[in-house]
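Okay, structure first, notes after.
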Amino acid sequence: MNPRVQRYLVAVEYIGTRFSGSQQQAKDRTVVGVLQEAFRKFIGQPVKIFCSSRTDAGVHALSNVCHVDVERISKRKPDEVLPPHEPGVVQRAVNHFLQRNDGDVMVIDVRCVPSNYHARYKAQERTYFYRLLSGSDPLSILEKDRAWHVPEELDLRSMQEACRVLVGSHDFSSFRAAGCQAKSPVRCLDEFNTSEVPSTPYFPSIMERAGSNLNNVDPLTCSSQPKTETADVTTNFGETFGIRRRHRCYVVTARARGFLYHQVRLLVGALKCVGTGELTVSDVERILEAKTVYAAKPMAPASGLYLARVKYEFPFPQQW
C-alpha cells in the first residue's frame, strides 16, 4: 500500500458525438483519453483510467463511472507524503482542464474508495435510455445527434407489449452483435419499457402560456400584452408563423446488471419496427426464439442512446 495513492470513483457525463467511443484508442479521440489528459495536467503525471461501461462512438452518458489512482506528490519536496486530495478538489480541478478541451465531458461526482474497488466489477446494475423523436418535420438542430428521428407515427401500446415479451431473463443471441465477446448470451433485463415524455428542449406553447396567465396570475410577471388577450390565439396564422411543430418524444428504458454488445440498440431497432407496424409482437417473440442476430432488424443509431446510471453499493464511509 502506497500512502500517497488514493483511488477515486469518478462519475462523468459527456456528449458522445465527437468521440470514437469511451475506451482508450491509439489515434482517435476518446472519453478516457480526454479524462487521462485532464488528470495528467492536474497532478503532473500520467494516470490510467478504467471505465465501468464501454460506450460506442456517438453514444452519450448522463453518468458513466470510472476509477483512477492518484499519487499526490509534493512539488517542492518530492519525498514528502501528502494527504490525498479531497474529492471536491479533484472534481473542480479536472473540470477546469476539461473545459479547455472542447467541454464535451464533465465530472459530476467524485468519491474516495479502497484501492481494490473496481469501477467495472463492483457495478451492480446499469441503466440506459434511448430517445426517439416521431414526426414528419425535420429534426431541430438543437436535437441533432441527440435522438433517433422517426418520421412515422409510433404505436406506443404495441411497443409496450413488445417490451413485456423481452423483459426478464432470456437468451439474447438475436440481440447481440457479431463481435460480442461475452461468454454467455443469457442476460436478465430487470426493466424494459417505453414511455412518452415531453420533448426536450421543452418550451411552453402559446396555449400553455395563455393558460398559465389565466390560472396562475403572477403580479410580478411582465408582459407587453393585456392579460385579457388570450382567446383564439391558435386561429391567427401570425401567431404560429416561425414556430416549429413539436415531435413526439419516446424514451426506452433498459436496466440490467450487464448488457451484450449492441444489445440495447438492437432491441430498440425491433421496438421501432413494432411502433411503425413493420413488425408485430409475435414477430418479436419469433426473433427472440431464433437466437441469431440475422433474424433481428437493423439496430438503432448510436445518437439516441444514453448511459443513464451505474449503480454501486458503498458499505464503507466516505472520507470527506
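Tabulated values for the structure
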item	result
Calculated Cα extents along the principal axes in Å (choose from (1) 77, 61, 39; (2) 65, 41, 39; (3) 66, 53, 34), label	(1)
Angle between the chain longest axis and helix 31-43 axis [Cα atoms, degrees, rounded to 10]	50 degrees
Given LYS41/LYS311; LYS272/LYS297; LYS41/LYS75, the pairs whose alpha carbons are separated by over 21 Å	LYS41/LYS311
Net charge contributed by nearby residues that have their C-beta within less than 11 Å of LEU307 (K/R +1, D/E -1)	+1
Fraction of accessible area attributable to carbon and sulfur, the chain (%, probe 1.4 Å)	51 percent
Angle in degrees between helix 206-215 and the longest Cα principal axis of the chain, rounded to the nearest 10	90 degrees
Cα-Cα over 29 Å, subset of LYS48/LYS291; LYS48/LYS77; LYS48/LYS122	LYS48/LYS291
Once exposed loop GluC sites (Glu not before Pro) are cut out (DSSP; at most 11 other Cβ, 10 Å), longest piece of the chain	81-228
ARG157-ASP28 FRET efficiency (beta carbon distance; Förster radius 45 Å; 0.05 resolution)	0.60
Taking the range 1-147 and dividing mean pair separation by its residue count, relative contact order in percent (alpha carbons under 8 Å, at least six apart)	32 percent
Normalised contact order of the chain, rounded percent, pairs of Cα under 8 Å and 6 or more residues apart	25 percent
Trypsin sites (Lys or Arg not before Pro) restricted to DSSP loop in the range 133-162 with at most 14 other C-beta within 10 Å	LYS144
Principal-axis tilt of helix 281-290 within the chain, Cα atoms, nearest 10 degrees	30 degrees
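The values are calculated or read from the model by the stated rules, or taken from the named source; none is laboratory data. Just so we're clear, the structure is a prediction, and the values are computed from it rather than from any experiment. As a convention, Cβ positions derive from the backbone with ideal geometry for all residues, glycine included, and neighbour counts pool all protein chains shown. Just so you know, the surface numbers come from the protein's heavy atoms only, side chains and all, with ligands and any DNA or RNA stripped out. Shrake-Rupley method; radii C 1.70, N 1.55, O 1.52, S 1.80 Å.
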